[in-house]
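J.: This is the structure, below, for whatever I ask next.
Bear in mind these aren't lab numbers, they're just calculated from the coordinates by the rules spelled out. For clarity, every value in this text was computed on a predicted model and none was experimentally measured. Quick reminder, even Gly has a Cβ in these numbers, built from the backbone with ideal geometry, and neighbours come from all protein chains shown.
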Amino acid sequence: MNALIIDDNANSMEVLGELLMLEGIQATHLRNPTQLNTVLEALPKIDLVFLDLEMPGMDGYSVFEALRTHEAFQSVPIVAYSVHTNQLNVARKKGFHSFLAKPLDADQFSEQLTQILRGEHVWSVI
């Protein structure tokens, strides 16, 4: 199973990557969302996307729209994850699958991930 992490913060990417690795999921990291179109074709099959909402150059909502127009991401759960928990309702209205607050709660992450992979929505700001 492969996840795509799109986040400009190296620490956040590293923590999420480690949590995913503990769950047996490989992660591809993209720090500069403006390079999305050039890397999409080179990606392995992606089963899950974690997308930061606040990034320079291209915000998470714009990246979300770009991913949704790409055939390979039509049915892939895209999870917003952000320190800006006030964005939860906006993310829900825009069509994100789920929302996880940063910093991620390592104690809850495994269960949250399981729920997301079962197709259940997770809207967590804790």
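J.: Find the residue count for segment 1-54, including only residues that are of a type in the set (Gly, Ala, Ser) and under 13 Å from the mean Cα position of the chain (by Cα).
T.: Of segment 1-54, the ones of a type in the set (Gly, Ala, Ser) are 3, 10, 12, 17, 24, 27, 42.
Within this subset, residues satisfying the condition of being under 13 Å from the mean Cα position of the chain (by Cα) are 3, 12, 17, 27.
Qualifying residue count for the region: 4.
J.: OK, next. Is it fair to say Leu67 is touching a residue at least 24 places away in the same chain (Cβ under 8 Å), crowded, with 19+ Cβ neighbours inside 10 Å, in contact with a Leu (Cβ under 9 Å, 6 or more places away or on another chain) and more than 19 Å from Val125 (Cα to Cα)?
T.: Yes: the conditions hold for Leu67.
J.: Consider segment 35-69. How many of its residues are assigned to a loop (DSSP other than H, G, I, E, B) and within 19 Å of Thr85 (Cβ to Cβ)?
T.: So the first thing to find is which residues in segment 35-69 are assigned to a loop (DSSP other than H, G, I, E, B), and the list is 41-47, 52-59.
Imposing the further condition that a residue be within 19 Å of Thr85 (Cβ to Cβ) reduces the set to 52-55, 59.
Adding up the residues that qualify gives 5.
J.: Testing Val76 on (1) free of Cβ contacts under 8 Å to residues at least 40 places away in the same chain; (2) assigned to a helix (DSSP H, G or I); (3) of a type outside the set (Lys, Arg), one condition comes back false. Which one is that?
T.: (2)
J.: Taking the criterion of being touching a residue at least 40 places away in the same chain (Cβ under 8 Å), in contact with a Leu (Cβ under 9 Å, 6 or more places away or on another chain), of a type in the set (S, T, N, Q) and more than 13 Å from Phe73 (Cβ to Cβ), would at least one residue in segment 7-27 satisfy it?
T.: yes
J.: Checking the conditions here, which among Lys45, Lys102 is closer than 21 Å to Leu19 by Cβ, touching a Ser or Thr at 6+ places or on another chain (Cβ under 7 Å) and of a type in the set (Lys, Arg)? Show your work before the answer.
T.: Values: Lys45 fails: touching a Ser or Thr at 6+ places or on another chain (Cβ under 7 Å).
Unique residue meeting the criteria: Lys102.
J.: Can you tell me which residue among Leu104, Leu20, Leu100 is part of a helix (DSSP H, G or I) and surrounded by 14 or more Cβ atoms within 10 Å (Cβ to Cβ)?
T.: Numbers: Leu104 fails: part of a helix (DSSP H, G or I); Leu100 fails: part of a helix (DSSP H, G or I).
Of the residues listed, the single one that is part of a helix (DSSP H, G or I) and surrounded by 14 or more Cβ atoms within 10 Å (Cβ to Cβ) is Leu20.
J.: Which of the residues spanning segment 79-97 are hydrophobic (A, V, I, L, M, F, W, C), part of a helix (DSSP H, G or I) and surrounded by fewer than 19 Cβ atoms within 10 Å (Cβ to Cβ)? Walk me through it before giving the result.
T.: The first filter runs over segment 79-97 and keeps only residues hydrophobic (A, V, I, L, M, F, W, C), leaving 79-80, 83, 88, 90-91, 96.
Now narrow it down to the ones that are part of a helix (DSSP H, G or I): 88, 90-91.
If the condition is that a residue be hydrophobic (A, V, I, L, M, F, W, C), part of a helix (DSSP H, G or I) and surrounded by fewer than 19 Cβ atoms within 10 Å (Cβ to Cβ), then Val90 is the only one that fits.
J.: Continuing with the same structure: Any idea how many residues of segment 28-54 are under 13 Å from Met13 (Cα atoms) and either exposed (fewer than 13 other Cβ atoms within 10 Å of the Cβ) or touching a residue at least 40 places away in the same chain (Cβ under 8 Å) (or both)?
T.: Within segment 28-54, residues that are under 13 Å from Met13 (Cα atoms) and either exposed (fewer than 13 other Cβ atoms within 10 Å of the Cβ) or touching a residue at least 40 places away in the same chain (Cβ under 8 Å) (or both) number 4.
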